[in-house]
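A short write-up of the structure that comes next.
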Amino acid sequence: MRTALILILLASAACALVAKSPALKSPLHERLAKADTTTIEDAAKACLTRAGWTPDDVGGYVEGASVVSAKNAAKDRVSVYIKAPEESPRVTGGPAYDDPFWDCLGQQLTGAKAAPAQAKSPDAP
C-alpha cells in the first residue's frame, strides 16, 4: 500500500514536469501559500464532495505531505497531496488539471477567511 502511494506521488511529480499544475498559477498559487494545511484540507474535501466524490474519514501523511483521498460512485479513487508552505506546487495529485476541482479550490480558499472578532458588549470593560 505504501509503495503504491509513493508511486502515485512520483507519477504526480512527473506530470507536473510535463504540464503546468493549476496550483502554480495565479491566484490559486498565492492563496495556497497563505493558507494553512488544515484550511487547504477542508477546502479540498469540500470541492471533492461538490464534484461527487466521497472523501475518506481519515486523512493520511505520505512523504511529508498530508493526503486527502476520496472515491466516487464508480469506486474510482483520487488523492490530493498537500505539501509544506515552502514547497511549490503546494498541492499535487488530485483530479486532472482541467477539472473544475482546481477552480473550486481557489474559490474555497478565497472564502476561508479568519472569523471576525466579536463585538464587545456595551457592558464590557
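Observations, loosely collected:
- Criterion applied to 34, 45, 71, 75 was being charged (D, E, K, R) and surrounded by 15 or more Cβ atoms within 10 Å (Cβ to Cβ), and the one residue passing it is 45.
- For region 23-30, the condition of being modelled with pLDDT under 95, among the aliphatic types (A, V, I, L, M) and surrounded by fewer than 19 Cβ atoms within 10 Å (Cβ to Cβ) holds for none of the residues.
- Region 55-71, residues that are modelled with pLDDT under 95, touching a Leu at 6+ places or on another chain (Cβ under 9 Å) and closer than 15 Å to residue 44 by Cα: 60
- Within region 63-83, the residues that satisfy the criterion of being under 19 Å from residue 23 (Cα atoms) and free of Cβ contacts under 8 Å to residues at least 24 places away in the same chain are 64, 69, 83.
- Listed by position, the strands (runs of 3 or more DSSP E) inside region 20-97 whose residues that are β-branched (Val, Ile, Thr) and under 13 Å from the mean Cα position of the chain (by Cα) number at least 3 are 77-82.
- All positions within region 48-62 that are within 18 Å of residue 85 (Cα to Cα) and either surrounded by 17 or more Cβ atoms within 10 Å (Cβ to Cβ) or touching a residue at least 60 places away in the same chain (Cβ under 8 Å) (or both): 62
The values are calculated or read from the model by the stated rules, or taken from the named source; none is laboratory data. Values in this document were obtained by computation on a predicted structure and should not be read as measured data. No Cβ is skipped: glycine too gets one built from the backbone with ideal geometry, and neighbour counts run over all protein chains shown.
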